[in-house]
Structures are given as structure tokens and as C-alpha cells.
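Worksheet for the structure shown next.
The values are calculated or read from the model by the stated rules, or taken from the named source; none is laboratory data. Bear in mind that the values here come from a model prediction, so they are computed numbers and not experimental data. Cβ placement follows ideal geometry from the backbone for every residue including glycine, while neighbour counts extend to all protein chains displayed. Only protein heavy atoms, including side chains, enter the accessible area calculation; ligands, DNA and RNA are left aside. Shrake-Rupley method; radii C 1.70, N 1.55, O 1.52, S 1.80 Å.
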Amino acid sequence: MAELPDSFEALLAQAESAPMPRRGDLLRGVVLSIDAQGAIVDLGLKRDGVIPRVDLDRVPTADSGPRVGDKVAVMVVDPLDGDGNLVVSLAQARESGDWLDAQRLMESDAIVEAVPSGFNRGGLIVTFGRLRGFVPASHLTDLPRGLDEETRVVHLKQMVGRRMPFKVIEVDPQRQRLVLSERKAIRQWRQDQKGRVISELKEGEVRKGVVTSLREFGVFVDIGGADGLIHISELAWQRVEDPGQVVHVGQEVEAVIIRLDRQSNRIGLSLKRLLPNPWQQAAEHYAPGSVCKGRVTRQTGSGSYVAFSDGVEGVIRPSEDGQAPASGSEIEVRILSLDSERERLELELLPATEHVAE
């Protein structure tokens, strides 16, 4: 119990100078009494603290409840309720250490393993120390989207009791909100795993992998715990319009590592560099003045591009009359010049095979 002042004047001065406690403050005091309504705690302030019975009942049975004379820590719930009481919570004070742990985990981006203890229609309930955390359904990787209510409940029920990784993404003791995410934990684990894999890789190394996804700009390949990107320009020596024309999801491929960015965890891969470079033999097949047959692949401001069967591509510069062969057409061209080092091939459309662009 707090030491009593030796005079009425000193008691009055202490009461007037005592700071007004605020909601969320942690205070220490001594239990004065316990009854069916709750407990009274001497906090050394001008008012004693009141612990409601409902709060005492929140203390887990595994923990020893307070007894008269015990020194306890409490958290201010209401500095001044309707009856003029200073309402404090023993349960919330005990939980405060768990709130601090949760805050530290969130700030450090740490991954924690936990076992869901229950679920509701919105997601999973996870026990975190003395707290109850919530994992929204949108933050679960194994829960398919667009499920009906009954199927959704079945999926959530199957996750209860399974040890899972989580990241703490929201900590709000005032609103009693502790939110976790499995999806972000998995994403970070993959990034960490990718970082470990990248640290062991070397440019020029050939790795086996499995195609995991196709995008307009290229292909992602898992090379043992880390996804690398094969840009569309690195899929083949000839121009590729659709990556699906070269590979498919689930296909096993060999690729060479052409770029490593350890700072951003990015891996650049290439398929075509494991294949013979047609430009290295171009001098044998495309001598200036010779005639070859190819297919018009595209039209740009710089001219009409013509691809040959070995992957070499040349360009016919725009003519003064504006005529150009139609895209997709098979044409004969004459070789004007070849620069194998710069991979440039200048072509001329043979007069007998001119086409007028539509």
C-alpha cells in the first residue's frame, strides 16, 4: 500500500498534483478487496482502481487469480466512468506483453508459426499468447476464391489445428485488433528463399527448372525455390509473339543465368542462348547479292521485317512509293548487306514478288 502523507495539507497537495491517468496507461497497485462485484486496487492515486468481475473472469484458469495484498499491474480502461470510478483491467495488463510482442513481430517483418484454434465465416482465429488473432480469408493461400458459403466453411474447418506460418499485419490494443496474414508470410518466405538461392548462383550457370507461369512479357521458371524470368526476347532467336508458342506451364526446361540482381532478388534467364546462334553462321547463308525466301513478320516505321527459317530476321527499308509486302506473306528478297556482330541484315524486295500493303 502507498505510504500515507503525515498531514492533511500534504494529502491534499498529493491528490491535486497526481496526474490524471489516461486510457491505456499501465499502472501498478495493491489489491485491497475482492468480492462478487470485482476487486479494488490501491494505485497510489486520489482514487482507487476498480476491476470489474467480468474482467477477473477473463484471466485464464491456468493463471493464478489475484488475492488481497497482491501487487498487480493493471491497464486503465476508463479514467472516469458514469459512477465516477477509475476502471482498470487486470486481463488487459497481462495481455499488454503479448501486444508488445505482436508489435515487435510486425515491425521486424518476422514470420511466426501458430495453430488456428477456430474459425468464423470471415477467416481463422489464431491464439497468440493470451490474445486472439484473426486471419481474414483473403489472407489465406489455400482458400480458393468464389466459394459458396458451405464449401468455404468446409475449407476453413480443415485448416483448424494445422501449424501454419503467419505475419502480423495489424496491432491495435485499443480496438483489441490483432490481424495476421498467411499469404504475406508465404510471400516473404519465398523472397527469403529466393535470396538464399540467388546467393549461390553465378551468371553463365545452366539450371534446370519448371515453367510456373506465362506472361505477355515472358516466362517465369522455378529453378529450385526461386523464380527467374525469361524475357520474351530470350525465348528463341526468332521473334516470339506469344510465349505459349515456345513453352507451357509445367514444362521442364534448361536455362542459362544471364543476370543476377541480388539487391532486388531478380534472376534473368535465357533459353535461346543455349541454342546455336544463327547469326554466327549468317555469313555462310546470307552473302550480299544472294536471294532468299522468308516470311514478313511485322511492319514498323523503319520497314518490313522478314524472318527466315533459322531465326535470322532482316529488314526491307520503306520504298519511296510507300508500297510494302503484306504481313504474313512469303516473299523472295535479295541480301543487300550483313553485319553479324550487330545482328543486322538489310534486304531488298525482288520486283517480281512485290506486294501492296492493304
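When the range 228-251 is filtered for residues that are open to solvent by 60 Å² or more (accessible area, probe 1.4 Å) and within 26 Å of the chain's Cα centre (by Cα), the ones remaining, listed by number, are 231, 248, 249.
Only one of the listed residues (322, 311, 301) is out of contact with any Lys or Arg (no Cβ under 7 Å at 6 or more places or on another chain), open to solvent by less than 50 Å² (accessible area, probe 1.4 Å) and at pLDDT below 85. That residue is 311.
Give me the residue from the range 71-93 that is within 19 Å of residue 132 (Cβ to Cβ) and either open to solvent by 30 Å² or more (accessible area, probe 1.4 Å) or in a loop (DSSP other than H, G, I, E, B) (or both) and, out of that set, modelled with the lowest pLDDT.
Pass one, the range 71-93, residues within 19 Å of residue 132 (Cβ to Cβ): 75, 77, 89-93.
Applying the additional criterion that residues be either open to solvent by 30 Å² or more (accessible area, probe 1.4 Å) or in a loop (DSSP other than H, G, I, E, B) (or both) yields 77, 92.
Numbers: 77: 88, 92: 81.
So the residue we want is 92.
Would you mind stating whether residue 170 is under 30 Å from residue 76 (Cα atoms) and either open to solvent by 30 Å² or more (accessible area, probe 1.4 Å) or of a type in the set (A, V, I, L, M, F, W, C) (or both)? It would help to see each step written out before you state the result.
On the way: under 30 Å from residue 76 (Cα atoms): yes; either open to solvent by 30 Å² or more (accessible area, probe 1.4 Å) or of a type in the set (A, V, I, L, M, F, W, C) (or both): yes.
It is true that residue 170 is under 30 Å from residue 76 (Cα atoms) and either open to solvent by 30 Å² or more (accessible area, probe 1.4 Å) or of a type in the set (A, V, I, L, M, F, W, C) (or both).
When we screen 225, 204 for residues that are touching a helix residue (DSSP H, G or I) at 6+ places or on another chain (Cβ under 9 Å), touching a residue at least 24 places away in the same chain (Cβ under 8 Å) and among the small types (Gly, Ala, Ser), the only hit is 225. Within the range 20-34, residues that are touching a residue at least 12 places away in the same chain (Cβ under 8 Å) and in a loop (DSSP other than H, G, I, E, B) have Cβ atoms under 6 Å from residues that are surrounded by 12 or more Cβ atoms within 10 Å (Cβ to Cβ) and of a type outside the set (Lys, Arg) in these pairs: 21/76; 21/79; 23/76; 25/76, counting only partners at least 6 apart in sequence or on another chain.
Within the range 214-230, identify whether any single residue is under 25 Å from residue 295 (Cα atoms) and part of a helix (DSSP H, G or I), and answer yes or no.
First, pick out the residues of the range 214-230 that are under 25 Å from residue 295 (Cα atoms): 216-218.
After this cut, where a residue has to be part of a helix (DSSP H, G or I) as well, the list is none.
The answer is no; no qualifying residue exists.
The test for being open to solvent by 40 Å² or more (accessible area, probe 1.4 Å), part of a strand (DSSP E or B) and either over 30 Å from residue 71 (Cα atoms) or touching a residue at least 12 places away in the same chain (Cβ under 8 Å) (or both) does not hold for residue 125. Taking (1) at pLDDT 90 or above; (2) assigned to a helix (DSSP H, G or I) in turn, residue 96 satisfies each apart from (1).
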